[in-house]
Amino acid sequence: MREVKCPKCGRVFVCKHDESCFCMKYVLSEESKKDIRSKWNECLCEDCLSQYAIAIVPKSESCS
């Protein structure tokens, strides 16, 4: 674990840098990953990372 300052918004957060980190619950397109890497060399906070995430609708809410 390490304390990180989000390079996008400046918010300080804890990066666990493992499977238990909040970032593992987000799915990013390859394009989003490239965009993030091209702009910042540090992890983004959950709020900023979620802006790049692919929207996933839970099965109970999807159309049948």
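Please treat every number below as a calculation from the coordinates, not as lab data. Because the structure is predicted, anything quoted here is derived from the model rather than measured. Note that each Cβ is placed from the backbone with ideal geometry, even for glycine, and that neighbours are counted across all protein chains shown.
Annotations
- Filtering the stretch 34-48 to residues that are of a type in the set (A, V, I, L, M) and in a loop (DSSP other than H, G, I, E, B) leaves only L44.
- Cross-chain or 6+ apart pairs with Cβ under 9 Å, the stretch 20-34 first and free of Cβ contacts under 8 Å to residues at least 60 places away in the same chain and closer than 12 Å to S50 by Cα, then assigned to a helix (DSSP H, G or I) and among the aliphatic types (A, V, I, L, M): F22/L49; C23/L49; Y26/L49; L28/I36; L28/L49
- Only a single criterion out of (1) within 12 Å of the chain's Cα centre (by Cα); (2) not in a loop (DSSP other than H, G, I, E, B); (3) not β-branched (V, I, T) is not satisfied by E31, namely (1).
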